[in-house]
Amino acid sequence: MTIQFDLFSPQNNEHNSRYWMVLDAIPALHKCTLLKLLTYHSIEQLLQLSRAQLQAYGLKDNQIAALLKPNLKLIESNLSWLDNSAENHIICYDSPHYPQLLKEISNPPLLLYAQGNLSLLSTPQIAIVGSRNCTPYGQEKAYQFAQQLSASGFTITSGLAIGIDGVAHQGSIDKQGDTIAVLGTGLNNIYPKRHLKLAQQIKEKGLLVSEFWPNAAAFPTNFPRRNRIISGLSLGVLVIEASKRSGSLITARYALEQNRDVFALPGSIDNAEAWGCHQLIQQGAKLVMNTQDICDEFLHLCKPYSSSDEKKTPLATPCHPLLKHIDFHLTTLEQLLERSGFDVASLQNQLIELEITGRITATTQGYIKLCN
């Protein structure tokens, strides 16, 4: 039994979206397999093939059932999401709004659900990703690089996660730049919840994107899967702090497979959150020390770069002698006593001074240097 197409009316963009939703709902079928089938048949023809024809293409029984008897009620429910806001968009693979770079990856999503400014999909993008458990140094650098890359004309793309992702989005927004958040959930289920306000800012000033249907929940397997979209949309991926098992390394691997540039910010060899970046550099990622290192790879796309955009410590603030004994990741009080030779009272007074002036931050484990 084939689909009765009188259920798929009127003949407009929603009609096309229904077709693509039927294909998108086929369980465990690789997107590139579907796209290959669409080189033999139009989407309408594919949905009219018989069971025997579909079996000849190697489709399994549950996949054939999803094609011959699609869940039209669920599809209509997803389409109704468009009516909730003029900012809601469904972008099909054959839409002129579908980003060309994303079509180049091996497993492109058939549908993109989006909220916000669709034009950002066609802008040059740099992905900034990194550890959820980032250090204050990593946060500072993510914010700084996001602002400077925004000022250079790039859209900052990331995954809305806690840590480096969220800081990168915020840095771009605060610079009045453009940012795209690629979610691992449906757009009706913002995750993590603590980023609800940030997601609203991005929707108003940038773009939220997901390949998952609007009500999709936060399944763990969704997040590595969405990483291929973050890298696929971007010209390059900058990794700022990544542990041995960081999801950011998955994004970097996708970037390499997709022939994208991979950049990595080095850190201390004693910082576990920098291990992944050091591994990437060993494997050939470009070591990045400043924004210009990235802009040099895309000079034809960059706005004129000015070193005045760099965040600097005010020249009037002299270098404090204690700073040379404090690391950018973590230094304990015991280590500082040993390194500096100061007594406890003198050391604590100097640490308070450095914390007040914003050059270090205090944690329960010790102290972290924020600038020289």
- [ ] Would you work out what percent of the accessible area of the chain, with all protein chains in place, is carbon or sulfur (probe 1.4 Å)?
- [x] 52 percent
- [ ] With 28 Å as the limit, write out which pairs from Lys203/Lys303; Lys193/Lys369; Lys73/Lys197; Lys141/Lys205; Lys197/Lys244; Lys193/Lys286 have Cα-Cα distances beyond it, or answer none.
- [x] Lys193/Lys369; Lys73/Lys197; Lys197/Lys244; Lys193/Lys286
- [ ] Over segment 79-236, consider all pairs of different Cα atoms and compute the Kirkwood hydrodynamic radius from their mean reciprocal separation; express it in Å, one decimal.
- [x] 15.3 Å
Open item on the list: Can you tell me, using C-alpha contacts under 8 Å and at least 6 residues apart, the relative contact order of segment 228-303 as a whole percent?
Closed with: 30 percent
TODO: Kindly report, to the nearest 10 Å², the accessible surface of Glu334 as traced by a 1.4 Å probe over protein heavy atoms only.
DONE: 130 Å²
TODO: Among the lysines, select those whose C-alpha is under 17 Å from the C-alpha of Lys69, and discard any that sit fewer than 8 residues away in the same chain.
DONE: Lys60
- [ ] Would you tell me the accessible area of Asp83, worked out with a 1.4 angstrom probe on the heavy atoms of the protein chains, in Å² to the nearest 10?
- [x] 120 Å²
- [ ] With a 1.4 Å probe and every protein chain left in place, work out the accessible area per residue of the chain in Å², rounded to a whole number.
- [x] 47 Å²
Task: Computed [θ] at 222 nm, deg cm²/dmol, the chain (DSSP H ≥ 4; -39,500 (n - 2.57); rounded to nearest 500) - done: -11000 deg cm²/dmol
Open item on the list: From the protein chains alone at 1.4 Å, what is the descending order of accessible area for Cys92, Cys32, largest first?
Closed with: Cys32, Cys92
Open item on the list: Please list Thr157, Thr363 from largest to smallest accessible area, probe radius 1.4 Å, with all protein chains kept in place.
Closed with: Thr363, Thr157
Task: Computed over the chain: relative contact order in percent, which uses C-alpha pairs under 8 Å that are six or more apart - done: 13 percent
- [ ] Report the calculated FRET efficiency for Gln283 and Ile162 (r = Cβ-Cβ distance, R0 = 30 Å), to the nearest 0.05.
- [x] 0.70
TODO: Over 17 Å, how big is the tail of the calculated P(r) for segment 67-134, in percent of all Cα pairs?
DONE: 59 percent
TODO: Can you check how the C-alpha radius of gyration of segment 146-282 compares to 2.2 N^0.38 Å, as a plain ratio?
DONE: 1.01
- [ ] Just add up the charged neighbours of Gly138: K/R +1, D/E -1, any other residue whose Cβ is under 10 Å from the Cβ of Gly138.
- [x] -2
Open item on the list: What Kirkwood Rh does segment 15-144 have if only Cα atoms enter the pairwise 1/r average? Answer in Å.
Closed with: 17.2 Å
Open item on the list: Please report the net charge: other residues with Cβ closer than 13 Å to the Cβ of Lys197, K and R +1, D and E -1.
Closed with: +3
Open item on the list: As a test, work out the antiparallel percent of DSSP beta bridges whose residues both lie in the chain, rounded to the nearest 5.
Closed with: 40 percent
Open item on the list: For q values of 0.13 Å⁻¹, compute log₁₀ I(q)/I(0) with the Debye formula on a Cα-only model of the chain, without solvent.
Closed with: -1.03
- [ ] Can you check what the net charge comes to around Ile294, using other residues whose Cβ is under 12 Å from the Cβ of Ile294 (Lys, Arg +1; Asp, Glu -1)?
- [x] -3
- [ ] Taking the chain as the reference, fit the longest principal axis to its C-alpha atoms, fit the long axis of helix 136-151 to the helix C-alpha atoms, and give the angle between the two in degrees, 0 to 90, nearest 10.
- [x] 60 degrees
Open item on the list: With just the Cα atoms defining each centre, how far is segment 35-78 from segment 315-363? Give it in Å.
Closed with: 65 Å
Open item on the list: As an exercise, use a Förster radius of 25 Å and the Cβ-Cβ distance of Ala217 and Asp293 to find the FRET efficiency, rounded to the nearest 0.05.
Closed with: 0.05
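The values are calculated or read from the model by the stated rules, or taken from the named source; none is laboratory data. Since we're looking at a predicted model, the values are computed, not measured. Every residue, glycine among them, receives a Cβ derived from its backbone with ideal geometry; neighbour counts consider all protein chains shown. SASA here: full protein model, heavy atoms, side chains in, ligands and nucleic acids out. Shrake-Rupley method; radii C 1.70, N 1.55, O 1.52, S 1.80 Å.
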